[in-house]
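> Sharing a structure with you now.
Just so it is clear, none of the values below were taken in a lab; they were calculated from the coordinates. Just so we're clear, the structure is a prediction, and the values are computed from it rather than from any experiment. No Cβ is skipped: glycine too gets one built from the backbone with ideal geometry, and neighbour counts run over all protein chains shown.
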Amino acid sequence: MWVGTRRQFNGLILGGLAMVMITKNFSVDEMMCHCGCGEDSMDMDFMDILQNIREDMNRPLKISSGVRCAEHNSVVSSTGIFGPHVPRKEGTMASDILISGADALRLVDIARKHGISGVGISQRGPHAKRFIHIDTLSDEKHPRPTMWSY
């Protein structure tokens, strides 16, 4: 069961395994770095925004990338060790969401209404690999608001 506070996580039991939830609909497992290092630091304000976006979309959002440790990000992204997925003091403030077509356009509209200031669009190739990047960064290395394509 999810506990509706930002400071307290509670386990959800699925198939005998405990799943730790960050918000009502997003788990630690789906947000953590894919390299296996265990990095899972997400900014809770960003997670609240992501949860609100999910509720406004009224559908599940499949996360393809949340947190990335600096080493993993330097392998998979041209942004190197300082990319938007790399945790800052507050945690990571970025996610890539697998989505395409009209749903992708709707996601961008809803995300902007919730204060998302960085939007990256990848809508080429197979639909299963298309995604929208969203973030709330705002620093000298990541001037916002902005939008880009991959």
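> Give me the log10 of I(q) over I(0) for segment 96-136 at q = 0.20, 0.23, 0.28, 0.34 Å⁻¹, as the Debye formula computes it from C-alpha points; what are the numbers?
-0.51, -0.66, -0.92, -1.20
> Rounded to the nearest 20 debye, what is the charge dipole size of segment 29-149 about its Cα centre when +1 sits on each Lys and Arg Cβ and -1 on each Asp and Glu Cβ?
On the way: 14 positive and 17 negative charges, 112 e Å.
Dipole about the Cα centre, nearest 20: 540 debye.
> From Cα pairs below 8 angstrom and at least 6 apart in sequence, can you work out the relative contact order of the chain, rounded to a whole percent?
Numbers: 278 pairs, mean separation 25.6, N = 150.
Relative contact order of the chain: 17 percent.
> Sorted by average packing, counted as other Cβ atoms within 10 angstrom per residue and highest first, what order do 56-64, 134-142 take?
Values: 56-64: 13.9, 134-142: 16.0.
The peptides rank, most packed first, as 134-142, 56-64.
> Also, quick follow-up: Residues in segment 35-58, backbone N under 17 Å from the label point at Ser138 (7 Å along the Cα-to-beta-carbon vector): list them, ranges by number please.
43-50
> Can I ask one more? Subtracting the Cα-Cα distance from 0.36 nm times the residue separation, let me have the gained length for Ala18 to His34 in nm, one decimal. Write out the running numbers ahead of the final one.
Details: separation 16, 0.36 × 16 = 5.76 nm, distance 1.89 nm.
Gain in length upon complete extension: 3.9 nm.
> Evaluate the distance, in nm, between pseudo-label points positioned 7 Å from the Cα of Glu71 and of Leu105 along their respective Cα→Cβ axes.
It is 4.3 nm.
> If you take the alpha carbon radius of gyration of segment 29-149 and divide it by 2.2 N^0.38 Å, what ratio comes out, to two decimals? Please list the in-between numbers first.
Numbers: Rg = 13.3 Å, N = 121, 2.2 N^0.38 = 13.6 Å.
Relative to the 2.2 N^0.38 Å estimate, segment 29-149 comes out at 0.98.
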